[in-house]
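The values are calculated or read from the model by the stated rules, or taken from the named source; none is laboratory data. Fair warning: this is a prediction, and the values are worked out from it, not measured in the lab. Methodologically, a virtual Cβ is constructed for each residue, glycine included, from the backbone with ideal geometry; neighbour enumeration extends over all protein chains shown.
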Amino acid sequence: MTAAKPGSNHQRTIFICQGTGCVSGKSFDITAALSRAAKEQGLAGVNVDFTGCHGFCEQGPVAIVEPDGIFYSQVTVADVPEIVQSHLRDGKPVERLFYKDPVTGEAIPHHRDIKFYSKQQRIILRNIGRINPERVDDYIAMGGYESLKKVLKEMTPGQVIAEIKRSGLRGRGGAGFPTGTKWEFCHNAAGDQKYMVCNADEGDPGAFMDRSTMEGDPHTVLEGMTIAAYAIGATEGYIYIRAEYPLAVKRVRLALQQSEEKGFLGDNILGSGFSLRIHVKEGAGAFVCGEETALLASIEGKRGMPRSRPPFPANSGLWGKPTTINNVKSLATVPVIIARGADWYAATGTEKSKGTCVFALTGKIANSGLIEVPMGIKLREIIYEIGGGIPGNKKFKAVQTGGPSGGCLPESYLDQSVDYESLAAAGSMMGSGGMVVMDEETCMVDVARFFLSFTQAESCGKCVPCRVGTKQMLDILERICRGEGKPEDMDILQELGQNVKVGSLCGLGQTAPNPVLTTLRYFRHEYEAHINEKRCPALSCTSLTSYFILPDKCQGCGICLRNCPVGCIAGDKRMVHIIDQEKCIKCGTCLDVCPERFNAVLKVSGETIEVPAAPVPVTAGKPAAAAASQKE
C-alpha cells in the first residue's frame, strides 16, 4: 500500500457501511463525524462516502479506505479522530481496528485477505460495498443499465428468454424453478395486459439477503426486472416489499425516481417503444405472502392466502392476467448474464445448479453475515473457512439450510455439496438462503420445536393439513421438551410430518415438517433421551434441567443468594448454600454469577446431586483435606 502524501492530489475515499446492521451501530453518526473531521483537518484529497451492506455484519460498523483496501471493523464515533489524523492525514492505518482472525488471532489490514471475503464469489452482490446505493450514476459507472440498453436495442424478447434459459438460472426464492422457463410460459400466455412482480417479501427469521441487496444495489434489481418485463411483454410491475424494511423501501423508491429521470423506466424507454411502470407495494409482514399466489392476493388488496394451482400465475395471476413473479436475487443476476453471456454464468456451479447462491450465515459461528458462494461448495468450507468455525472451541453439531422450513444436517454432512438436488436428497433445501449453525450446546428437539412454532404461527389456516397438522406436531414437541413425551410420539411425529408435507396447499405447509423430520432422522438419540430418560443431553430444555450448589466448592459468599430473582437459595455467610428445587425457576442466574474460581454451581439434566438438607458451615461439606487446610 502506498499512502497518500498530505496536500497531494491523490484521492482517498473512506466508505462507511450504511446497511441496516451497521446503521443500528450508529453508522449514520460515524459518517457525519468523519465528514466533519476531514473538513476540519482540511483534507482536500479525502472523500467520505457510504455504501450498502458489506455483508460482514459480525464486524459492523464497517469502514473501508480505498484505494488502500484497509478494512476497519467495529468502528465507533470515538474512533473517528484517530482514523482521520493517523490514516487519512498521515497515511498510517489504525491497527487496533483491523479484523482479527478468529482462529489465528492475526490482525488482517486488507479486506481482500480476509477469508470471509476472499473465499466468496460475488455476482448478485457484485456492487454492494463498492457504490453509493442512493446515486444512480454510481451504478452506471459500474456498467449499470448497459444490459438493458443491449436488450432493447439488439435482442428480441425470445432471444432474451433463450439466453436466460441457456444460463441455467433457477429461482433464488426457494423453489429453484428455471427462470427462463417461467418467463417463457408468461411470454406465450394470451393476454393484452401482463404483469411483472418482484417478490421482496423476505420473511425467514435471520434472513436479510434480499433486504441487503435492495439497500445496497437497488438499481440492479430494477434493471433485471425491466429486462424480465420486456421478455414477457409486461407493461406494469410491482415490487412487493415488507414494510419492516424501511431503509430498503426508501432506497428502492429513490432508485425508481432516478431511473425514470434517466429514461430507464417509464414511457418509450430509451426510445425503444417499450414502456414499463413499476410500483412499490408494502406488505404487512405475513410469512405466507412469500408464496406467490398469496403475494398476488395481497397486492390485489385481499387477505394473503394461497390458492390452488392450476391455473398458474403465468396464465392467471394479478387480476386474472398473465404474471411472472421472481425473487430479488434472481432479478439481480439477470443484468450480469446479459452483459457477460449465458456460457460465462453457466461455467460456475454444478451441472443442474448454475451460478452462485447467497446465504445469511448465522448462529453459533465466528463470522456471521451475508455471503455469496458458487453452487457446489461444501458446507465445511462455508462454516470453517468463510465462517471462521465455531466460537469458544465448541463442537459443531448441525447446520440448518433453507430458513425455518429447512432441514438440520449433522456433522457427517459437512462435506455435502450445496446445491438444490444434494440438499433435497439430504432432507433439507436451498430455500431462500438462510443458514443457521448450531453447536454442542444446542438441543435438536428444541430446535425442531422452535422452527415449527414459527411456521405454525405463520400458517394462514386455509388448509387442514397445515392448520391442524402443524399444531398437533407442535403440541407433541412441547410435551417432549417438558419431559412428558411417550415412546410412540416419535412415530406419530413421523407420520404427521409426512401427511402435512403431502397434503398442504402451498410451500409453507409442504416444507414446515422438515426440521422435525430431519432431526428425527439424524438426532433420534436426543428424542429418545428426552422421552425415555427425561434428560436433555444439551442441557437446554428448562423443564429437564436442575441447578445444584456443590457443597465441596461453595464458599458461602452469598453472591448467588443475592442475585436469585425468586429467593430460592438459602444460607448465611460462610455457610454452604442450598437451592430449593421446588421454588427454582431454572433461570440460571446462580450459574452465571458464581465466581469462576469457585465454580460451585452445577447444571444437570436427568440426575440429582446429593447436597445437605440444610445450610451447613462451609468446611463441613468439604473433603477432609480441604477442611484441615482451612483450620490450619
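Below are the figures for this structure:
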| quantity | calculated |
| --- | --- |
| Count of residues meeting criterion [among the polar types (S, T, N, Q) and under 23 Å from A231 (Cβ atoms)] in the range 329-374 | 5 |
| Qualifying residue in the range 425-442 (condition: free of Cβ contacts under 8 Å to residues at least 40 places away in the same chain, over 18 Å from L517 (Cα atoms), among the hydrophobic types (A, V, I, L, M, F, W, C) and outside any loop (DSSP other than H, G, I, E, B)) | no |
| Selection from the range 471-506 of residues that are surrounded by 15 or more Cβ atoms within 10 Å (Cβ to Cβ) and of a type in the set (A, V, I, L, M) | M473, L474, I476, L477, I480, M490, L493, L496, V500, L505 |
| Only listed residue being in contact with a Ser or Thr (Cβ under 7 Å, 6 or more places away or on another chain) and at pLDDT 95 or above, chosen from I140, I161, I124 | I124 |
| Test set (1) modelled with pLDDT under 95; (2) in a helix (DSSP H, G or I) - A78 fails condition number | (1) |
| Residues that are surrounded by 20 or more Cβ atoms within 10 Å (Cβ to Cβ) and of a type outside the set (V, I, T), drawn from the range 576-601 | H577, C590, C594, A600 |
| Top-ranked residue of the range 152-164 - restricted to ones that are free of Cβ contacts under 8 Å to residues at least 24 places away in the same chain and assigned to a helix (DSSP H, G or I), ranked as surrounded by the fewest Cβ atoms within 10 Å (Cβ to Cβ) | E154 |
| Selection from the range 73-106 of residues that are surrounded by fewer than 21 Cβ atoms within 10 Å (Cβ to Cβ) and within 16 Å of I386 (Cα to Cα) | K100, D101, P102, V103, T104, G105, E106 |
| Any hit, the range 524-540, residues being surrounded by fewer than 22 Cβ atoms within 10 Å (Cβ to Cβ), more than 28 Å from S412 (Cβ to Cβ) and touching a residue at least 12 places away in the same chain (Cβ under 8 Å) | no |
| Among (1) in a strand (DSSP E or B); (2) over 20 Å from N127 (Cβ atoms) - the single one V84 does not satisfy | (1) |
| Number of the condition not met by D138 [criteria: (1) surrounded by 16 or more Cβ atoms within 10 Å (Cβ to Cβ); (2) farther than 28 Å from F264 by Cβ; (3) free of Cβ contacts under 8 Å to residues at least 12 places away in the same chain] | (2) |
| Conditions (1) touching a residue at least 60 places away in the same chain (Cβ under 8 Å); (2) hydrophobic (A, V, I, L, M, F, W, C); (3) over 21 Å from Y522 (Cα atoms); number of the one not met by A347 | (1) |
| Residues located in the range 32-72, provided they are surrounded by fewer than 24 Cβ atoms within 10 Å (Cβ to Cβ) and on the phi > 0 side of the Ramachandran plot | G42, G69 |
| Qualifying helices (runs of 4 or more DSSP H) (wholly inside the range 523-600; at least 3 residues being under 30 Å from A398 (Cα atoms)) | 524-532, 589-593 |
| Failed item, numbered, when D138 is tested on (1) farther than 24 Å from K329 by Cβ; (2) not in a loop (DSSP other than H, G, I, E, B) | (1) |
| Selection from the range 122-133 of residues that are touching a helix residue (DSSP H, G or I) at 6+ places or on another chain (Cβ under 6 Å), crowded, with 17+ Cβ neighbours inside 10 Å and not hydrophobic (A, V, I, L, M, F, W, C) | P133 |
| Given (1) more than 23 Å from A347 (Cα to Cα); (2) in contact with a Ser or Thr (Cβ under 6 Å, 6 or more places away or on another chain); (3) among the hydrophobic types (A, V, I, L, M, F, W, C), number of the condition C198 does not satisfy | (2) |
| Residues (crowded, with 24+ Cβ neighbours inside 10 Å and not small (G, A, S)) located in the range 183-203 | W183, C186, Y195, M196, V197, C198, N199, D201, E202 |
| Qualifying residue in the range 318-328 (condition: out of contact with any Phe, Trp or Tyr (no Cβ under 9 Å at 6 or more places or on another chain), within 30 Å of K119 (Cα to Cα) and either in contact (Cβ under 8 Å) with a residue 40 or more places away in the chain or of a type in the set (G, A, S) (or both)) | yes |
| Identity of the residue in the range 215-274, of a type in the set (S, T, Y) and modelled with pLDDT of 95 or more, that ends up surrounded by the fewest Cβ atoms within 10 Å (Cβ to Cβ) | S272 |
| The lone exception for K119 - which of (1) surrounded by fewer than 18 Cβ atoms within 10 Å (Cβ to Cβ); (2) at pLDDT 95 or above; (3) not assigned by TED's automatic domain parsing to the domain that holds T220 it fails | (2) |
| Per-region count, the range 294-317, residues polar (S, T, N, Q), in contact with a Phe, Trp or Tyr (Cβ under 9 Å, 6 or more places away or on another chain) and either more than 22 Å from G431 (Cβ to Cβ) or in contact (Cβ under 8 Å) with a residue 60 or more places away in the chain (or both) | 1 |
| Positions within the range 562-582 being basic (K, R) and either modelled with pLDDT of 95 or more or touching a helix residue (DSSP H, G or I) at 6+ places or on another chain (Cβ under 9 Å) (or both), in sequence order | R562, R574 |
| Complete set of residues in the range 72-90 that are under 18 Å from Q11 (Cβ atoms) and in contact with a strand residue (DSSP E or B) (Cβ under 9 Å, 6 or more places away or on another chain) | I83, V84, H87, L88, R89 |
